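Undergrad: Let me begin by handing over the structure; questions about it come next.
The values are calculated or read from the model by the stated rules, or taken from the named source; none is laboratory data. Computed from a prediction, not measured in an experiment: that's the story for all the values here. Every residue, glycine as well, gets a Cβ built from its backbone with ideal geometry; the counts of neighbours run over all protein chains shown. These area figures cover heavy atoms from the full protein model, side chains too; ligands, DNA and RNA do not enter into them. Shrake-Rupley method; radii C 1.70, N 1.55, O 1.52, S 1.80 Å.
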Amino acid sequence: MQTIYKIILIALSCILFSHCGNKHNNTTDSGLQDSLITKINSPELKTISKKISENVNDPNLYNERAKIYLTLGMPDEAAKDAERAIKLDSLNPNYYLTKADAFFSANKTKQSKETLELIEKKFPDNTEALLKLGELFFIVRQYQIAIDYCNKALKIDENLSKAYFIKGSIYRESGDTAKAISSLITATEQDNRYDQAFFDIGVLYAARKNPVSLDYYDNALKINPLNYDAIYAKAKFYQDINQIEEAINQYNYLLSKDKTYYAALYNLGAIQLEIKNDPKKSIDYFSDAIRLKADYLEAYFARGYAYSKVGDKESAKADYKMCLQLQENYEPAIVALNKFN
């Protein structure tokens, strides 16, 4: 019996650091068609297309339209326009960069890499291409090659904040926290408006339960008040150091800014369930989180446990079964269901 409760408690204590970017959008085919029509009829696209029709040999106009296509989520069209710009002027590295971005946006990473390597060959002092190559190799976890590209860019310009940021991200993912913090701090010294760097330093210090993390989160928020992940991170830090009321205040403040931040709702539910010993109230929070994220495995399990605490066995079993639909062989749900047998 102790083993059963241990598995359940472990599942409940795994409150993941979620981000507001994971929203579900159940777009229908009709909705996709409407979206495409909206994109094609965007005022920016119509304006630039009119300019191109009046001056078909201006490569800058094609490059400008390619960037608009990228903002509209139309990478294939962007790549075609970037190629048109290159044909008109093959000596402008910006057109190649746009083409590389279009390939990357279309998840054609091989073509993106090849385009960036072409830039490196044709324009060896182009630091933007070197840093984009560094990012690509970072994504595929070829860390040393990524660092080499960053260092190559820094030899050209030692003040490149992005180079230090990428290196910091690599060291962070590699587990070298000291080097990660050092590189990210250097990034902020080169660019004191680099909110993501401040945020990431805060995350690293928070992992050590060091209150200085709050200062870095606040710096990120001063630069970008809409960085809701930073507000969430502050709340999570207070929760982790058991300053529960401050955590609740921060989560509620976050939800006043973004009602769809389901991780905040989940954590408020966890606080009510585990700390406030109010499973009934926690059910409301978990239900709100599930309404926003229909496949929220942890919220279903936590709500199932809360239902069991208030004696609603049927609802508890239903939530545990939903966990198994979302993730087959999810052990905490299996163990919890076996308790009813």
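Undergrad: Is it the case that some residue within region 144-154 is farther than 27 Å from Thr71 by Cα, at pLDDT 95 or above and not in a helix (DSSP H, G or I)?
TA: Within region 144-154 (the criterion being farther than 27 Å from Thr71 by Cα, at pLDDT 95 or above and not in a helix (DSSP H, G or I)), the answer is no, since none of the residues qualifies.
Undergrad: Sticking with this one: Could you tell me which residue of region 317-333 is least open to solvent (accessible area, probe 1.4 Å), considering only residues that are of a type in the set (A, V, I, L, M) and in contact (Cβ under 8 Å) with a residue 24 or more places away in the chain?
TA: Filtering first and then ranking leaves Ala333.
Undergrad: Then there's this: Could you tell me whether region 308-317 includes any residue that is touching a Phe, Trp or Tyr at 6+ places or on another chain (Cβ under 8 Å), closer than 30 Å to Ala230 by Cβ and of a type outside the set (Val, Ile, Thr)?
TA: no
Undergrad: Still on this model: Restricted to region 121-165, and to residues that are open to solvent by 70 Å² or more (accessible area, probe 1.4 Å) and among the β-branched types (Val, Ile, Thr), which residue is nearest to the chain's Cα centre (by Cα)?
TA: This residue is Ile139.
Undergrad: Any idea which of Lys222, Lys179 is farther than 25 Å from Tyr266 by Cβ, out of contact with any helix residue (DSSP H, G or I) (no Cβ under 8 Å at 6 or more places or on another chain) and at pLDDT 95 or above?
TA: From the options Lys222, Lys179, the qualifying one is Lys222.
Undergrad: Condition check: among the polar types (S, T, N, Q), farther than 20 Å from Tyr232 by Cα, surrounded by fewer than 14 Cβ atoms within 10 Å (Cβ to Cβ) and more than 28 Å from the chain's Cα centre (by Cα). Does Asn277 satisfy that?
TA: Judged against the criteria, Asn277 is a match.
Undergrad: Separate question: Could you please find all residues in region 288-341 being farther than 17 Å from Ala264 by Cα and of a type in the set (D, E, K, R)?
TA: Step one: filter region 288-341 for residues farther than 17 Å from Ala264 by Cα, giving 304-341.
Scanning region 288-341 gives Lys309, Asp312, Lys313, Glu314, Lys317, Asp319, Lys321, Glu328, Glu331, Lys339.
Undergrad: Looking only at region 174-193, decide whether some residue is closer than 29 Å to Leu297 by Cα and open to solvent by less than 30 Å² (accessible area, probe 1.4 Å).
TA: Scanning region 174-193 turns up no residue that is closer than 29 Å to Leu297 by Cα and open to solvent by less than 30 Å² (accessible area, probe 1.4 Å).
Undergrad: Related question: Quick check on region 194-215: of everything there that is open to solvent by 70 Å² or more (accessible area, probe 1.4 Å) and more than 20 Å from the chain's Cα centre (by Cα), which residue is farthest from Ile241 (Cα to Cα)? Walk me through how you get there before you give the answer.
TA: Here is the first cut: in region 194-215, the residues open to solvent by 70 Å² or more (accessible area, probe 1.4 Å) are 196, 207-209, 211, 215.
Then drop every residue that is not more than 20 Å from the chain's Cα centre (by Cα), which leaves 208-209, 211, 215.
Numbers: Arg208: 11, Lys209: 7, Pro211: 9, Asp215: 16 Å.
So, considering only residues that are open to solvent by 70 Å² or more (accessible area, probe 1.4 Å) and more than 20 Å from the chain's Cα centre (by Cα), the one farthest from Ile241 (Cα to Cα) is Asp215.
Undergrad: Just checking, how many residues over region 40-90 are of a type in the set (A, V, I, L, M) and exposed (fewer than 14 other Cβ atoms within 10 Å of the Cβ)? Explain how you work it out, then say what you get.
TA: First, pick out the residues of region 40-90 that are of a type in the set (A, V, I, L, M): 40, 45, 48, 52, 56, 61, 66, 68, 70, 72, 74, 78-79, 82, 85-86, 88.
Subset that is exposed (fewer than 14 other Cβ atoms within 10 Å of the Cβ): 40, 56.
Matching residues across region 40-90 total 2.
Here's the yes/no breakdown for (1) small (Gly, Ala, Ser); (2) at pLDDT below 95; (3) open to solvent by 70 Å² or more (accessible area, probe 1.4 Å); (4) in a loop (DSSP other than H, G, I, E, B):
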site	(1), (2), (3), (4)
Leu226	no, no, yes, yes
Ile231	no, no, no, no
Phe237	no, no, no, no
Gln250	no, no, no, no
Ala263	yes, no, no, no
Gln272	no, no, no, no
Ile283	no, no, no, no
Asp288	no, no, no, no
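Undergrad: Then there is this: Filter region 164-195 down to residues that are within 16 Å of Tyr217 (Cα to Cα), part of a helix (DSSP H, G or I) and hydroxyl-bearing (Ser, Thr, Tyr), then give me how many there are.
TA: 1
Undergrad: Identify all residues within region 252-261 that are open to solvent by 50 Å² or more (accessible area, probe 1.4 Å) and in contact (Cβ under 8 Å) with a residue 60 or more places away in the chain; write none if there are none.
TA: In the first step, residues of region 252-261 are kept if they are open to solvent by 50 Å² or more (accessible area, probe 1.4 Å); the result is 252-253, 256-257, 259-260.
Once the filter is applied, which keeps residues that are open to solvent by 50 Å² or more (accessible area, probe 1.4 Å) and in contact (Cβ under 8 Å) with a residue 60 or more places away in the chain, region 252-261 yields only Thr260.
Undergrad: Then there is this: Would you be able to say whether some residue in region 289-312 is within 31 Å of the chain's Cα centre (by Cα) and free of Cβ contacts under 8 Å to residues at least 12 places away in the same chain?
TA: Step one: list which residues in region 289-312 are within 31 Å of the chain's Cα centre (by Cα), which gives 289-306.
Those left that are additionally free of Cβ contacts under 8 Å to residues at least 12 places away in the same chain: 291.
Looking for residues that are within 31 Å of the chain's Cα centre (by Cα) and free of Cβ contacts under 8 Å to residues at least 12 places away in the same chain, one finds at least one in region 289-312, hence yes.
Undergrad: Those residues that are open to solvent by 50 Å² or more (accessible area, probe 1.4 Å) and not in a helix (DSSP H, G or I), I need them from region 91-118; list them, please.
TA: Leu91, Asn107, Lys108
Undergrad: Could you please let me know if Gln190 is under 28 Å from Ala207 (Cα atoms) and either in contact (Cβ under 8 Å) with a residue 60 or more places away in the chain or touching a helix residue (DSSP H, G or I) at 6+ places or on another chain (Cβ under 6 Å) (or both)?
TA: It is true that Gln190 is under 28 Å from Ala207 (Cα atoms) and either in contact (Cβ under 8 Å) with a residue 60 or more places away in the chain or touching a helix residue (DSSP H, G or I) at 6+ places or on another chain (Cβ under 6 Å) (or both).
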